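Here the structure comes first, spelled out in structure tokens, and everything after it is commentary.
The values are calculated or read from the model by the stated rules, or taken from the named source; none is laboratory data. As the structure is a computational prediction, the values presented were derived from the model and not from experiment. We place every Cβ from the backbone using ideal geometry, glycine too, and count neighbours over all the protein chains shown. These accessible areas exclude ligands, DNA and RNA; they are computed on the full protein's heavy atoms, side chains included. Shrake-Rupley method; radii C 1.70, N 1.55, O 1.52, S 1.80 Å.
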Amino acid sequence: MEKNRKSLLLNFLIPSAITLFLICSVFAMLVTPPKFIKILFVVFLLSQVVLGILIIIFSLRITKRATHFFIGLLILFWGLLQIISKYNPLFSLKELWPVYTCTAGITLFVSGFYKYKKIKFGYFFPAATLFFMGIWFSLFTFKIIKLPFMQVVSIFGPIFGAILIILLILFFLLQRKHKELIVIDEETGTFSDEEDAFMDIEIDDNK
């Protein structure tokens, strides 16, 4: 029963943290917000970071689930990024938004490594894709590439699509020959085993 209470608490923490992130994202886009909005923004930002830390602690000490670990890390990192983008005079959200994609890739990779204690290609491939997409977009937001983004997309978009198709084909061929490199059924997929995190606990309590 104690762990069921903790599961209910975690089910409250995760939606609350996601809601705070969305609210803070709206506040961050306001150019000249009222004073009470600025105060709420600071309170919500700090609350988001604290909730991210709490979710990470729950995942490591209680649920042992990669999904919860991933969400906690993501909420924590995105909260810190919102603080940096809002209060750092050098960079704004306009320049930093691709970093959110980079952190999502890093967090996914770390979560997969936490779950399996080794690099699994089923985690590494999407994590690397997110990370390098963020790097690619950052080249434009930080004005490292001076060309307009849409012009580059029109020129290199088909090339990128062809490369992606080739990588997917290679991934398909690789998983047929090297099953140990990817997430397979007996390891319950990427996150499919995470949905019933407390099912066994509830069954035990009913006995």
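Every condition in (1) under 18 Å from the mean Cα position of the chain (by Cα); (2) open to solvent by 20 Å² or more (accessible area, probe 1.4 Å); (3) of a type in the set (A, V, I, L, M) holds for residue 43 except the one numbered (1). Take the conditions (1) farther than 21 Å from residue 134 by Cβ; (2) surrounded by fewer than 19 Cβ atoms within 10 Å (Cβ to Cβ); residue 20 misses just one of them, which is (2). Residues in segment 107-130 that are within 11 Å of the chain's Cα centre (by Cα) and buried (at least 18 other Cβ atoms within 10 Å of the Cβ): 107, 108, 109, 111, 127, 130.
Residues are listed down the side, and each one gets a yes or a no for (1) open to solvent by 50 Å² or more (accessible area, probe 1.4 Å); (2) closer than 26 Å to residue 132 by Cβ; (3) of a type outside the set (Asp, Glu):
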| position | (1), (2), (3) |
| --- | --- |
| 13 | no, no, yes |
| 35 | yes, no, yes |
| 58 | no, no, yes |
| 67 | no, yes, yes |
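Every residue in segment 47-79 that is over 13 Å from the mean Cα position of the chain (by Cα) and more than 11 Å from residue 10 (Cα to Cα), please. Listed by number, the residues that qualify are 47, 48, 49, 50, 53, 60, 61, 64, 65. Among the residues of segment 12-55, which ones are in a helix (DSSP H, G or I) and among the hydroxyl-bearing types (Ser, Thr, Tyr)? The answer is 16, 19, 25, 47. The residues of segment 105-124 that are more than 11 Å from residue 70 (Cβ to Cβ) and touching a helix residue (DSSP H, G or I) at 6+ places or on another chain (Cβ under 6 Å), listed by number, are 105, 120, 121.
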